[in-house]
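Each remark here refers to the structure printed beneath this line.
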Amino acid sequence: MHTNNKLLDEIEQRALAERVLLNILRATLTRPGAMDNQNVAMMMSVASTERERHGDYKAAALLGQWKTLVDGWT
């Protein structure tokens with residue numbers, strides 16, 4: 001049962017991070033030119049901090065990793 005709970009937590013954390021990422025993508029696509037890589041990276045950083053504040057550490061880590069990727073694109 002413990003393994004199932006751990007797997008469910010992993011899935012929930014990933015879903016949280018993906019939801020944030022998709023919302024950033026939606027904002028970027030609906031307003032072309034409004035957000036550059038730097039703004040996207042900043043939004044990911046803010047979202048990561050917020051997820052960590054709520055105890056969603058795996059989601060925060062994923063957002064932090066994705067932010068690092070976006071930083072590398074600039």
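Whenever a residue of region 1-21 is within 12 Å of Asp56 (Cβ to Cβ) and touching a residue at least 40 places away in the same chain (Cβ under 8 Å), its partners that are in a helix (DSSP H, G or I) and open to solvent by less than 60 Å² (accessible area, probe 1.4 Å), lying with C-beta atoms within less than 6 angstrom and at least six residues away or across chains, give the pairs Gln13/Ala59; Leu16/Ala59; Ala17/Ala59; Ala17/Leu62; Ala17/Leu63; Val20/Ala47. Within region 35-59, the residues that satisfy the criterion of being of a type in the set (A, V, I, L, M, F, W, C) and touching a residue at least 24 places away in the same chain (Cβ under 8 Å) are Val40, Ala41, Met44, Ala47, Ala59.
Checking region 7-27 against the condition returns no match, with no residue being open to solvent by less than 40 Å² (accessible area, probe 1.4 Å) and either among the charged types (D, E, K, R) or outside any helix (DSSP H, G or I) (or both). Exactly one of these conditions fails for Ala47: (1) open to solvent by less than 60 Å² (accessible area, probe 1.4 Å); (2) outside any helix (DSSP H, G or I). Give me its number. Just one mismatch for Ala47, condition (2).
The values are calculated or read from the model by the stated rules, or taken from the named source; none is laboratory data. Here the structure is a predicted model, which means the values were calculated and not measured. Neighbour counts run over all protein chains shown; Cβ positions are idealised from the backbone, glycine included. In case anyone asks, the SASA skips ligands and DNA or RNA and just uses the protein heavy atoms, side chains included. Shrake-Rupley method; radii C 1.70, N 1.55, O 1.52, S 1.80 Å.
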